[in-house]
Structures are given as C-alpha cells and as structure tokens.
Amino acid sequence: MANAPSYWTLKRKSRERVNQQLESVQCGFGFGCSAENLPTDNHDYPINTDEDLMDYESCFSEELDSLHDSSSSGEEEDAYLESRLATWALEENITHSALNKLLGILKDHHPSLPADARTLLRTSRSESVVVQEKAGGTYHYFGILKSMQTTLEAYKCSLTNGVCLELQANVDGLPIFKSSSTQFWPILGVIKNLPQHEPFVIGLFCGTSKPACLLEYLEDFVAEVVELEKGFSFQGITMRLQLCSMVCDAPARAFLKNVKGHTGYSGCEKCMQEGEYVNNRVVFPQTDARLRTDKDFKEMADEGHHLGSSPLVDTSLGMVSGFPLDYMHLVCLGVMRRLLYLWLKGPLASRLSGSQVNILSEMLLKIRKNVPVEFARRPRSLNEVGRWKAAEFRQFLLYTGPVLLKDVLHTAVYQHFLLLFVGVFILSNKALLEEYTDYANDALVLFVQHFGKLYGDMYLSYNVHNLVHLAQDVKVHGNLDSFSAFKFENFMQKLKRLVRKPESPCCQVVKRLAERESVQMHRVESLGVRREHTSGPLPPLFQCAQQYTQYNTELFTLKLDEANSHVYIQGKVAKIRNIIVEKEEVYLVYSTFAHQESFFEYPTSSSWT
C-alpha cells in the first residue's frame, strides 16, 4: 500500500494548481499578450473584472479548503504516529541515539514529527532532576502520593469517602553493573487492595553499598507515611493510607528493623528462640518457642535481638506482624534449593546416585514441551540448578517435583518432601485458606521436625526453621502470593534496564520514569478467540459454529495443543478438543478421562489437592 502524501507535498501541488489558475486569469486580463491585442481605452472589449475576480477567489478558496482538510488529516496521522512511536520506544527501552536516527528517516515523510527523542518523550532537563547526596550515595524521592496517582486515577470510580489504601512496600539491593559495586536500593510500593499491573517507585538510592544511614534513607518515606495515615484528599475523595507490610528478604528486613541478621543467635524475627551453634553455623531446632509481638519489639524486650531503633516505629506498621516472611526467598530460593543441593551433594543417606540424577534431568527436559504458556520458564537440567531462578524452584516444588520425584527418591524422603508441597500448596491457594490453614501449618511443622532426622541438625537453618511461622503470616496478610517478592523482583529487572551508561545512574532512571509518566502508554491486550480453523470436532447442536485453536483470557490461555489443552473442570481432569463460538458465546468442547486415581496418599490424597 502506497504511503499517503505528506502535508508539504499536498501544499506544493495545491500551489501549482493555484498558480496555473492565476496565469489563466492573468491571460483573461490580457497580461502577457502582444501589444496589438491590448484593449483600447474606449473599452471595445469590456472586461467584467469583478466577476472574474470572484471566480478566482472562489476557486482559490476551494483549494485552500482542500489543502486544509488534507493537512488536518495528515497532522492527525502524524500525531497518532508520534504517540505510537513514543509508546514503542518506552516499552522496548530504545536509546535516544537509536530513536533519533529513526526520527531522521521518518521526518522526510512526516515533517511534523519531532527531530529529537527528548522532544518525543518529553524528557526532563538534567537541571530539573533533583538528586540529593545522602546516606553515602545519591538519592531521589518520588513520593508515595505522586507515584500512586496513576493507580488512583484508574480506579477513582470505585473509591469512596473514607477508604483506607493498604500500602505494601519493598526494599532490596539491586547490583547494576557486573564490573562495579554500584547498586540501587529502591523503595517500591503497591496498593494491595487495588488491582494494578506493576509496582511504583517511591524512592531510589544509588551507592557502592547499602545506605550507610537508615534514618537518612527512610526519613522522607516515613514522614510521608505518617502524614498520609492522618488522611488526605484526592479529587474530592477523602481517604487515608496504611503501611500494611514491608515485603523483603531476610537481610533487608534486618536492615530496616535494625535488628540482628539471620545468622545471629537471636536472628529469628518471629520467635524468641536463641539459636545453637552446630558445625560452624547457627541453627534453630525448636518449633514451639515463645513468639515475638509488636509490643515486645517497640519495648525492645529482647535486647539481644536489637541493634538500635528503626524509624519505621513512628508509623502504624507492626514491626513483627508487618514484616511477613517472603516465600520467594524463604521457600523457593531457600528451602527448595537447599533440598535439591542435599539430594545432589548432601549426606549419603539422602543423596541421589549419578544415574538417578541423570534420570531426573532427562525427565525435566522431556516435559519441556508440555509446560503451559503461563509459566515464564521451562524446566532445565539439574546440571544447571546453580543457575535456576526463583520461578524455576517454585515450578519444581508445586508442579513438576511431586510427579518426577515419586520413583526417584526413597519413600521416606519423598513423603517428607510432600509435607512441604502440601503445606505450601494450601497456603498459596485462596480457596483453601479459610478451612485448611491450620492443616498446612501442621504439615510444615512436621516437615521441620523431621528435617534434622533426615539430613542432620546442622541444616536446620533460618529458612527451614521459619516454615513454622509461615501460616501465621498467611492468616494476617492473605495467601503467599499476596505478599511475595516476585512482582517486585520482576519490576527491579525493568528498573535495571533503564540504566544505559555508568555516569549518574540515579539521574538516568529518574528521567526514564518521568518519560513513562508523561507519555500515555497504549497497551493492547489480545483477549478472546484466535486462529480460526475448520477441523472440528463439533457437537450436534453447533454444526455451524465458528472454530478456533486459541482462547485468551486475563487469567489463562487455552490452545489445542498438548501443553495448553488440559484443564480441571467440575472436579474432573479434561482435555480441550475444540474452541467454538456460537452467537458471540465461547464454548469449550472437551472430553474427560475415564479413569482417574490419586497420585499419592500421604500426607493427604492428591485428588484432594
């Protein structure tokens, strides 16, 4: 399809037509003719000057109208192109230099496009970016209220007077470069009781290590939390904010609370147990020690636990209850990774043989083609377990592990693993929490009690011990995914990609985030049916229905392939045979398995889970 003529092309052609008509009119007046054809003073050849001028003006006016319509259409197209270009550049993280080259090419055909990426993306000037020197590095405070405005705008119709917004915050270290110690320590947030796509940045610290002074690092954040807890108004709606939880890994929690770390004797944040020193490490063998309370923390009842005071005590956040144990670090990167290492390199009684490891690796690779699209990663061999990400350990614990390990592990070791699986499965499932949270807690306590017997007391580490406290956090904050660090970790990787050169990384991120704020992003979600076909099968009453091979919803994707066609419907496992549309309604054609049986019976039947 040919490109539409640009504004300047239309203008030039219109000018040419006008000039031609002007020449014609001039000839009618006798201009440019020979002297013998000139009219005489006695007006033998009278000229109706007014009429001819009116014809010319009318014609010229029509040309201008045509030119105006064409230019307006061209300008609208260029404005749309400009908006899409800006969105594309931000989503794909295109550098300014690359975008400038593209704009230079496009400007030949779309002259109204800006010549510079900074104009297109409305980039802030360097002198307008406020970066402070504090806590041993550079720091920029975006603000809670300012950062959550986009979220409030999106859901203002559902907000009522007096609503309490539940702020969940995250703090963690993020190395920026492989060749230097420069790192970010962002303060991220989400409004827990409002749906949103990704976290927002509240503050950003950049230095060669963690912030040197906790008070300086948190002072702006704490001051705004205290102010917003009193109440504020947004577009005429009165509301207040509550800092309900800080989701962090163990070192970050200890830093924010200003307490002993997870390797200290009084390192457990949830109970008063004093650790024991076994084989050059601190372990926590008890499962029923006295629990810490928010009141105990404020009063510093356990002096061995505290290093000093934390500025967060000035907020309404519970300093024990408000710091839940993040299961991404505790369970996935902690306990599940520890189990795999024990099976590969641990005590002989629990270690797998070389042939067993190979069998397990082969099965992991074999099922890659059967993993649905909802999983961000496909299984990898155990030879690469050192490079596995948290999502891969989660996948192994909750999905592939219970199946693949059954005929590989010793029965006692396998059943012990199932205690962890059942406990975490229940605590991850919103539908099961109300009735089975205590059952999950019992399973996890039993897992911890038998851990030392199977693998040795020296492995009763901070992570293993804290499984006994996980269910209590679920009772306070909801299912495990509602207070996990997965969403924050994913966002921090996006934050890292905003840095394009070693100089002034904090300032760079502030500019990139400002660009995203100033440009209206156009997100196109491809929901509904896709890829029409005619292969069937069709039920008798739907012989004229349209057929498709894919159905996308906000929660899942169904396809007519081996990986994405198996579902659980009305208590039965089924395979999707066709996706059809009749009278704008989507129907699934499926067949259920005739014979179904439990895969395991301990600690409960797999059919129940």
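List of remarks:
- Spans of strands (runs of 3 or more DSSP E) in the stretch 187-255 with at least 3 residues under 21 Å from Gln508 (Cβ atoms), free of Cβ contacts under 8 Å to residues at least 40 places away in the same chain and under 26 Å from the mean Cα position of the chain (by Cα): none
- Residues in the stretch 185-226 that are in contact with a Leu (Cβ under 9 Å, 6 or more places away or on another chain), more than 16 Å from Phe488 (Cβ to Cβ) and either surrounded by fewer than 22 Cβ atoms within 10 Å (Cβ to Cβ) or β-branched (Val, Ile, Thr) (or both): Asn193, Leu194, Pro211, Leu214, Val222, Glu224, Val225.
- Of the residues making up the stretch 422-439, those that are surrounded by fewer than 23 Cβ atoms within 10 Å (Cβ to Cβ) and in a helix (DSSP H, G or I) are Phe425, Ser428, Lys430, Ala431, Leu432, Leu433, Glu434, Glu435, Tyr436, Thr437, Asp438, Tyr439.
- Any hit, the stretch 344-367, residues being more than 22 Å from Ala443 (Cα to Cα), at pLDDT 95 or above and of a type in the set (Lys, Arg): yes
- A Cβ distance below 9 Å, combined with a sequence gap of six or more or placement on separate chains, defines the contacts here; from the stretch 131-142, residues that are part of a strand (DSSP E or B) and at pLDDT below 95 reach no residue that is aromatic (Phe, Trp, Tyr) and surrounded by fewer than 18 Cβ atoms within 10 Å (Cβ to Cβ).
- Some residue of the stretch 318-336 being among the charged types (D, E, K, R), in a loop (DSSP other than H, G, I, E, B) and either out of contact with any strand residue (DSSP E or B) (no Cβ under 9 Å at 6 or more places or on another chain) or at pLDDT 95 or above (or both): yes
- Leu404 vs. criteria within 19 Å of Ser605 (Cβ to Cβ) and modelled with pLDDT of 95 or more: no
The values are calculated or read from the model by the stated rules, or taken from the named source; none is laboratory data. Keep in mind it's a predicted model, so treat the numbers as computed, not measured. Reconstructed Cβ throughout: ideal geometry from the backbone, glycine too, with neighbour counts over all protein chains shown.
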